[in-house]
Amino acid sequence: MIDQPVLERVLGEALRHGGTFAEVFAEDRSTSSALLDDGRVEQLSSGHDRGAGIRVVVGETTGFAHTADLSEAGLLAAARAAAAVARSAGGARTVTAPLTPAAGPVDRGTEATGAASKADVLELLKRADDTARSAGGAISQVQAGYGGSRRRILVANSDGVHHRDDQMRTRFSVSCVAVGDSGMQTGFETAARTVGFELFDEISVEDLANEAAVRALTKLAARPAPSGELPVVLAGGSGGILFHEACGHGLEADHIAKDASVYTGKVGQLVASPLVTLVDDGTVGTEWGTAGIDDEGRPSQRNVLIENGVLTDYMWDFLRARADGRASSGNGRRQSYQHLPMVRMTNTFLLPGADDPAEIVAQTPKGVYVAKLGGGQVNTTTGDFVFGTTEAYLIEDGKITEPLRDANLIGNGPEVLRRVDAVADDFAMTPGTCGKDGQSVPVGCGQATLRITGVTIGGTAA
Amino acid sequence: MAVDELAPPGGDGRALLEVADRVVGRATGGEGIEAYVVRGVDTEIRAYNGDVEALTSATSAGIGIRVVRDGRLGFAWAGSLDPEVIERTLAEARDNAEYATPDEHVRLAVPDGVAAATVDVWDAALPTVDTEAKVALALDTERRARGADKRIRQVDSVDYGDGMVEAALVSTTGIRATWRRTSGYVSASVIADDGAGSQTGGGYSVGRGFADIDPAVAVDDAVERAVRMLGATKGASGRLTAVFDRRVATTILGVISSALSGEAVIKGRSFFAGRLGESVADPMVTLVDDPTDVRAYAASAYDGEGLACRRNVLIDGGTLRQFLYDTESASRAGTTSTGSAVRGGFASTPGAGARALLLAPGSDGLDQSGVLAAVGEGLFIQSVTGVHSGVNPISGDFSVGVEGLMIRDGVLAEPVREITVASTLQRMLHSVVAIGADVEWLPGIAAGQTLAIADVQVSGT
């Protein structure tokens, strides 16, 4: 994308007036998407974006500028703009380490380009539409969407890091509306992996469509969700968003550094049930949060955050790690070259336990069984978090009974982590999109079937 | 576009019009082309602990091209105005059009004779404000926040941001429009601590220009919200009247508006479908979308297809009167566009939606304390979480996490947290019991007003 001598001159320019760190992050991203809605292929879209973000760190201050002009002149201009903040601070001139190119990125799949693949995409969309509509007469609307992207990134910095990655992502989703006497209900299902068109060798769009349709149909008979606190059983692969919200965000070192997390100062302490071992790992297979390197050029790695209930470590980006005199954990991510990196999760998951999922339900006299979760949100300072259900049932006398309408569940992170009293062995991951400070990045979440002894259910039934 | 071109977007948008004209001029017989060209300059400053934590300055530009041929639509975009890139983008949009299903309703907007209002949302002074002044404002805000109250133990973040955007939209069907806007804000996020626990609060001040931004407003709001939550405990379950803070009411109106989109209605994804002329809300509810109201954050003379924005009365005295249409959804519904095409930027295609919703204030002219007094007993909702995961504009199901204060004897009482409030959007509209006259135009697509809704379910202890 950019030649090494150019990178070296740009880094030199960035630090000409002082500073302790400079970085060039270049990105070339192409996307394609297709949408079938209301029985028609509404549109195919293609997009292309490329540019570079340059940051210069002086003292506690980061200067940042980005440009879509990847010529040397354009990069030098951006370097000067980013360095402007350094000029006023008047730092000493620093030496830039020579760049050490790392090995190239691994091959992550085949891009869906060209006429044949566009036709293939339409075929997939039509198959999904047909399947969903044939799931039941009450299905009144179907939307199927395909999205593929290829993101090539380059990171070079004044510490000598020079790394590239080639990130392929493909997702397919189906959403359905069902109409009944009680009004409309919705069902959604998605598959997403860090591969190209190979996604469709691994998953079946018919399965996705059927799951989305059955979810909407099932809820036509749903009764209002209860209110108050009840035991909750989360199905394996129901979303894993619980841990993403209950403690994932609170273990990001930027919140810790600002004393804005309930987990500040808790390393080495018991913060969860001994059944909880939580890992963030950007290297897992083709999961949605997997990448060769993070967006600061640090190779992805496996980080154990909570081990048998004891908090072992936080997640770190370059700046937070440097301030703490340690290495980054590979969690410095950004939405695009137009954004500064910050501490973000990759694939965050609870390691499976030994219990039998059916047995967990059977041993729950009364509660809520959550088959599928939607999104969530957390206040890291108070620890209060919500997560929404998109398919849930009552548990009565150890049996899954009536479907429930969608609701949010609310809890407090440290309290909920202590209330995990059973973890099964049916582990599964799901893809998601995580938003923080206005930036969205793809993440994975995973868990096996588990039970929490009490969570507040946000339903309308008294 | 090089950083050397950091100069603010210029006066009349002529340069962008020329770019769009060149693209549209490439149309061949029977082909419809629409080019949407956008250019912006942004500054962001984050202050922390008396210092600038990060300063970002950037210019960006891009183009979105729609091609319609034989009722088939193709779209492509690029984050560059480089002529070669634009050439490739046009070719890609044309190729994409080959694959869409032919549809008689797929068409570009045609000028409909409605004259565009004068909507001046450009602050001429903003481009002349230097970075030092912006840094000083951010640092001043951060300093004020730290010193505002002895219980504030941390100022999590203070962010200053401003932006100048200009756009041009040209089509083969006779659309030729330009517009530009400026905006700026400062926000503060603070943590209060009374020794027994921490609570958070956020506040902001927004405006068209630098002079409109008031650090004291942002700080006072953030500090008040954090401090009054100190000592909060998990609230009790029950059925009661909820009073939504202005900011929360804005969010709820935004969700309701997606059910008023003609596109959602025509595709059977709205609980309002088939209910025109029926009572859908309490008679005190009159809801208008008027993007020509210059006070609105997203005010605009033109919609996302280049038609004139106009005032649309959606709910009148509780009766559903009108949906919001763009060209395609209007054609599908057998009507005409209401000038309500919205688009997220050059990388997305237009859809039908609201820009500037306003509930007619209650005739009694109540401010927030007046609404609280009128309600007497209930729950004041300061902030909500999980709107994206718990509010469904298709089914109408509504369930959100809540922080707030109990209302006792018509005034705010003890703080409560870790509870949910649930109902359905349908029932909530019928259960409106007070609409404040304390209108504040907040970021987003709706004005903020204190809003009281009876008979919601609180879930807690």
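Results, tabulated for the structure shown:
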| quantity | calculated |
| --- | --- |
| Residue, farthest from the other protein chains (Cβ to nearest Cβ), within the range B:233-292, restricted to residues that are charged (D, E, K, R) and closer than 15 Å to B:ALA352 by Cβ | B:ASP289 |
| Considering residues of the range B:428-461 that are among the β-branched types (Val, Ile, Thr), in contact with a Ser or Thr (Cβ under 7 Å, 6 or more places away or on another chain) and under 13 Å from B:ALA249 (Cα atoms) only, the residue surrounded by the fewest Cβ atoms within 10 Å (Cβ to Cβ) | B:ILE445 |
| Only one of B:THR251, B:THR200 that is among the polar types (S, T, N, Q), under 30 Å from B:GLN154 (Cα atoms) and either in a loop (DSSP other than H, G, I, E, B) or over 22 Å from the mean Cα position of the chain (by Cα) (or both) | B:THR200 |
| Among the residues listed as B:SER270, B:SER300, the single one being in contact (Cβ under 8 Å) with a residue 12 or more places away in the chain, hydroxyl-bearing (Ser, Thr, Tyr) and closer than 30 Å to B:VAL119 by Cα | B:SER300 |
| In the range B:394-446, residue farthest from the other protein chains (Cβ to nearest Cβ) [restricted to those that are in contact with a helix residue (DSSP H, G or I) (Cβ under 7 Å, 6 or more places away or on another chain) and under 24 Å from A:THR186 (Cα atoms)] | B:LEU425 |
| Subset of the range B:183-197 that is crowded, with 24+ Cβ neighbours inside 10 Å and more than 14 Å from chain A (Cβ to nearest Cβ) - its residue that is nearest to the chain's Cα centre (by Cα) | B:GLY184 |
| The lone exception for B:ALA91 - which of (1) within 23 Å of B:ASP303 (Cβ to Cβ); (2) more than 7 Å from chain A (Cβ to nearest Cβ); (3) over 24 Å from the mean Cα position of the chain (by Cα) it fails | (1) |
| Selected residue (only one of B:GLY362, B:GLY376 is at positive phi and either away from chain A (no Cβ under 14 Å) or crowded, with 23+ Cβ neighbours inside 10 Å (or both)) | B:GLY376 |
| Members of the range B:34-83 that are under 18 Å from A:SER30 (Cβ atoms) and more than 9 Å from every other protein chain (Cβ to nearest Cβ) | B:ILE63, B:ILE65 |
| Verdict on B:SER329 being surrounded by 24 or more Cβ atoms within 10 Å (Cβ to Cβ) and modelled with pLDDT under 95 | no |
| Some residue of the range B:233-248 being among the aliphatic types (A, V, I, L, M) and in a loop (DSSP other than H, G, I, E, B) | yes |
| Condition broken by A:ALA225, with the remaining ones in (1) more than 14 Å from chain B (Cβ to nearest Cβ); (2) out of contact with any Phe, Trp or Tyr (no Cβ under 7 Å at 6 or more places or on another chain) satisfied | (1) |
| Filter result for A:THR194 (in the same structural domain as A:GLY137 (by TED's automatic domain parsing) and touching a Gly at 6+ places or on another chain (Cβ under 9 Å)) | yes |
| Residue ID - surrounded by the most Cβ atoms within 10 Å (Cβ to Cβ), chosen from residues in the range B:94-103 that are more than 7 Å from chain A (Cβ to nearest Cβ) and touching a Leu at 6+ places or on another chain (Cβ under 9 Å) | B:ALA97 |
| Some residue of the range A:255-267 being closer than 27 Å to A:LYS372 by Cβ and away from every other protein chain (no Cβ under 14 Å) | no |
| Selection status of A:GLY446, under 28 Å from A:ALA260 (Cβ atoms), within 14 Å of chain B (Cβ to nearest Cβ), outside any loop (DSSP other than H, G, I, E, B) and in contact (Cβ under 8 Å) with a residue 12 or more places away in the chain | no |
| Single match in B:VAL155, B:VAL106, B:VAL165, B:VAL135 (criterion: among the β-branched types (Val, Ile, Thr), assigned to a strand (DSSP E or B), within 12 Å of another protein chain (Cβ to nearest Cβ) and in contact (Cβ under 8 Å) with a residue 60 or more places away in the chain) | B:VAL155 |
| Enumeration of residues in the range B:138-150 that are within 14 Å of chain A (Cβ to nearest Cβ) and surrounded by fewer than 21 Cβ atoms within 10 Å (Cβ to Cβ) | B:LEU139, B:ARG146 |
| Residue in the range A:22-75 that is surrounded by the fewest Cβ atoms within 10 Å (Cβ to Cβ), counting only those that are closer than 30 Å to B:VAL106 by Cα and among the acidic types (Asp, Glu) | A:ASP38 |
| Selection status of A:GLY237, surrounded by fewer than 21 Cβ atoms within 10 Å (Cβ to Cβ), within 28 Å of B:ALA422 (Cβ to Cβ), assigned by TED's automatic domain parsing to the domain that holds A:VAL423 and touching a residue at least 12 places away in the same chain (Cβ under 8 Å) | yes |
| Leading residue by the ranking (farthest from A:SER140 (Cα to Cα)) among those in the range A:192-206 that are surrounded by fewer than 21 Cβ atoms within 10 Å (Cβ to Cβ) and of a type in the set (A, V, I, L, M, F, W, C) | A:VAL195 |
| Test: residue in the range A:388-396 that is free of Cβ contacts under 8 Å to residues at least 40 places away in the same chain, assigned to a helix (DSSP H, G or I) and within 14 Å of chain B (Cβ to nearest Cβ) | no |
| Residues of the range A:1-25 satisfying the condition of being free of Cβ contacts under 8 Å to residues at least 40 places away in the same chain and in contact with a helix residue (DSSP H, G or I) (Cβ under 8 Å, 6 or more places away or on another chain) | none |
| Selection status of A:GLY332, closer than 30 Å to A:ALA407 by Cβ, under 19 Å from the mean Cα position of the chain (by Cα) and small (Gly, Ala, Ser) | no |
| Lone unmet requirement of (1) over 22 Å from A:ALA192 (Cα atoms); (2) within 11 Å of chain B (Cβ to nearest Cβ); (3) buried (at least 18 other Cβ atoms within 10 Å of the Cβ); (4) under 22 Å from the mean Cα position of the chain (by Cα) for A:LEU404 | (4) |
| Number of positions in the range B:38-85 that are within 26 Å of the chain's Cα centre (by Cα), closer than 20 Å to B:ASP140 by Cβ and touching a residue at least 60 places away in the same chain (Cβ under 8 Å) | 7 |
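The values are calculated or read from the model by the stated rules, or taken from the named source; none is laboratory data. Source: prediction; values computed, not measured. Here the Cβ is made from the backbone with ideal geometry for all residues, glycine too, and neighbour counts use every protein chain on show.
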